[in-house]
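**Q** First the structure, then my questions, so here it is.
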Amino acid sequence: MVWNRRFGLLGVRLIIAALSMLLGYHKIFVLGLEDQFKWFAALEQWFPVPILWAVNYYAAWVELIGGALLFVGLLRDVALYLILSVLVIVTIGHSLESAVWDLQQMVFRTMALVVLLLLPSQWDMLRADSLFGWTRRLAGLDRPS
């Protein structure tokens, strides 16, 4: 049962990591942030351009770096919080664009992320955080479960 839990959480973490990391990679290196910004500009909302640029960069880089950290399991909870912040930003952005939008990927990513946040992090032991002293302490893995 312990190994089922560990591999189940590993699978969920790797799926969220891959989705986030590859979305960030696509936005930065395939489309380019300038092309990605066209979507923000097309919203024609009241947001100042510098804020839109900051959000554009933040979302793409957090998805890339947060996804990579999550993939190896380094600073797991920090990566989850950062990716969750991007999901909140994406929800706001798409809701400004249209009252009704395709939620399929968003619901899956959010639910999987919530699973990782709600289950005890001590169950998710197949990660780099369990190997290093300072990340073990930061992740609370030194405490008995």
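A short reminder: the numbers here are calculations on the coordinates, not readings from a lab. Small disclaimer: the values here were computed from a predicted structure and weren't measured. Ideal geometry is used to build each Cβ from the backbone, glycine not excepted, and the neighbour counts take in all protein chains shown.
**Q** Please report how far the C-alpha centroid of the stretch 57-130 lies from that of the stretch 12-48, rounded to the nearest whole angstrom.
**A** Each part's Cα centre sits 13 Å from the other's.
**Q** Can you sort W46, W3, W39 so the residue with the fewest Cβ neighbours within 10 Å comes first?
**A** Fewest-to-most Cβ neighbours within 10 Å comes out as W46, W3, W39.
**Q** Related question: Counting just the Cα atoms, what span does the stretch 1-72 cover along each of its three principal axes? Round to the nearest Å and put the largest first.
**A** Its Cα atoms span 52, 24, 16 Å along the three principal axes.
**Q** Exposure proxy check: K27, K38 ranked by fewest other beta carbons within 10 Å?
**A** With the fewest neighbours first, K27, K38 line up as K38, K27.
**Q** Rounded to two decimals, what ratio of Rg to Rh does the stretch 8-139 give with C-alpha atoms and a Kirkwood Rh?
**A** 1.01
**Q** In debye to the nearest 20, how big a dipole does the chain give about its Cα centre with +1 on each Lys and Arg Cβ and -1 on each Asp and Glu Cβ?
**A** Value, rounded to 20: 680 debye.
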